[in-house]
1. Note down all Cβ pairs under 8 Å where the first residue falls in segment 292-304 and is without any contact (Cβ under 8 Å) to a residue 40 or more places away in the chain, the second is surrounded by fewer than 16 Cβ atoms within 10 Å (Cβ to Cβ) and small (Gly, Ala, Ser), and they're at least six residues apart or on different chains.
2. Would you call VAL255 under 23 Å from ILE118 (Cα atoms) and in contact (Cβ under 8 Å) with a residue 24 or more places away in the chain?
3. PHE352 is checked against (1) farther than 30 Å from PRO20 by Cβ; (2) surrounded by fewer than 14 Cβ atoms within 10 Å (Cβ to Cβ); (3) of a type in the set (A, V, I, L, M, F, W, C) and fails just one. What number does that condition carry?
4. For a quick check of your reading: which strands (runs of 3 or more DSSP E) sit entirely within segment 11-128 and have at least 3 residues that are touching a Lys or Arg at 6+ places or on another chain (Cβ under 8 Å) and surrounded by 14 or more Cβ atoms within 10 Å (Cβ to Cβ)?
5. What do you reckon, is GLY143 out of contact with any helix residue (DSSP H, G or I) (no Cβ under 7 Å at 6 or more places or on another chain) and either at pLDDT 95 or above or in a loop (DSSP other than H, G, I, E, B) (or both)?
6. Here's a check for you: in segment 134-183, which residue that is among the acidic types (Asp, Glu) and under 23 Å from ALA66 (Cα atoms) is farthest from the chain's Cα centre (by Cα)?
7. If you scan segment 235-252, which residues turn out to be closer than 12 Å to LEU204 by Cα and either in contact (Cβ under 8 Å) with a residue 60 or more places away in the chain or surrounded by fewer than 24 Cβ atoms within 10 Å (Cβ to Cβ) (or both)?
8. Any residue at all in segment 161-180 that is in contact with a helix residue (DSSP H, G or I) (Cβ under 7 Å, 6 or more places away or on another chain) and among the hydroxyl-bearing types (Ser, Thr, Tyr)?
Amino acid sequence: MTATITDALEHVESHLHPEPSYDLAAHPVPTGREEIWRFTPLKRLRGLLDGAASDAHLQIDSDLPAGVTITAISTDEAVAIGGLAPFDRLAALAVQNAGGALLVDVAANAELDAAARITLRGSAADQLVWGHVVVRIGAHARGTLVLDHLGSSTYAATTTYVVGDGAAVDVISVHDWDDDAVHAGQNGITVGRDATIRFFEFSLGGDLVRTSTNVEYAGPGGTAELLGVYLADAGQHIEHRLFVDHTAPKTRSNVLYKGALQGQDAHTVWVGNVLIRKVAEGIDTFEQNDNLILTDGATADSVPNLEIETGEIAGAGHASTTGRFDDQHLFYLQSRGIPEDEARRLVVRGFFHDIIRRIHVEDLAERLVAAVEEELADV
């Protein structure tokens, strides 16, 4: 398998993240005690870590504007495109077992007149599926890409984004699975010189959803904004792990994830980490995670981290909040004649509004609001 630029570069070792590699041997089978696995209920991964081969695939549908193409490529061709290698065993297994990759190509200098939409749909919870997707954004391209995950499956995938110099792209990844689905995914993002990516994650469905989103910079001036919304019901496990590796000077990152939990044994995990290398002078970064616990019996784990190798930075910080439903807000709305159930939905809708409003795909934003309100119907 062809080595990538990421494999060849000398990496500053993070205290919280292993070195990326396509070599499966570099990612031992986890025991659950490792830092990157300690929150994950391994038994609920339905044997994904066994790495059994499978011929099953998700159904793929697409609606693409001019300037975007989708083609099937070999694993070697996918790796040769570059970008971040796998950070954990499941991501490496996905590359090894997928039998090739799906290449989504946005042409250089393209200005998309509509969002490029790709729907990945599973048909059965007991169907094991491995996925490998490569998204290549050409230099100075502009546009929005939506990846919509629906249906049911036991799915592990590696998705690599290579954002060309000067490009500006919104990527919206929606995990609206059926209640019995399992999804373990890695998003590896490489940001080119003076490029900008806004990466959205919306995790609403599934029995277990665990994603790892990792960012590096291929040149100075790049910006990455990572935004997420998640809502966990009784028994549901939703885990987001984020790692921003400032590998170039004068780069920027901003992370904001918001979650709500309801029901017995609802569990969310958010782990954010920013590594600022010695070469990354003049960078600016901030990460924040806010959690709203709606009922008794729910648990939110929130762990922000900063690893700083240089003091020559414009700014760096992090914040985390976890709190119960604000009864004062509820009382205020009820005192104005709004029924309690509607008042609760309004408060949560306002909590998520700051992120959903940033989506420039109107029908998708409306769908996400409706999905959140449907989840809250039994609060």
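1. Taking only residues 6 or more apart or on different chains, the pairs are ILE293/GLY323; PRO304/ALA319.
2. Judged against the criteria, VAL255 is not a match.
3. Of (1) farther than 30 Å from PRO20 by Cβ; (2) surrounded by fewer than 14 Cβ atoms within 10 Å (Cβ to Cβ); (3) of a type in the set (A, V, I, L, M, F, W, C), only one is false for PHE352: (2).
4. Output list reads 101-106.
5. Yes.
6. Among those that are among the acidic types (Asp, Glu) and under 23 Å from ALA66 (Cα atoms), it is ASP165.
7. Within segment 235-252, HIS237, GLU239 qualify.
8. For segment 161-180, residues in contact with a helix residue (DSSP H, G or I) (Cβ under 7 Å, 6 or more places away or on another chain) and among the hydroxyl-bearing types (Ser, Thr, Tyr): absent.
The values are calculated or read from the model by the stated rules, or taken from the named source; none is laboratory data. Note that the coordinates shown come from a computational prediction; the quantities given were computed from them, not determined experimentally. With ideal geometry, Cβ positions are generated from the backbone for all residues, glycine too; neighbour counts draw on all protein chains shown.
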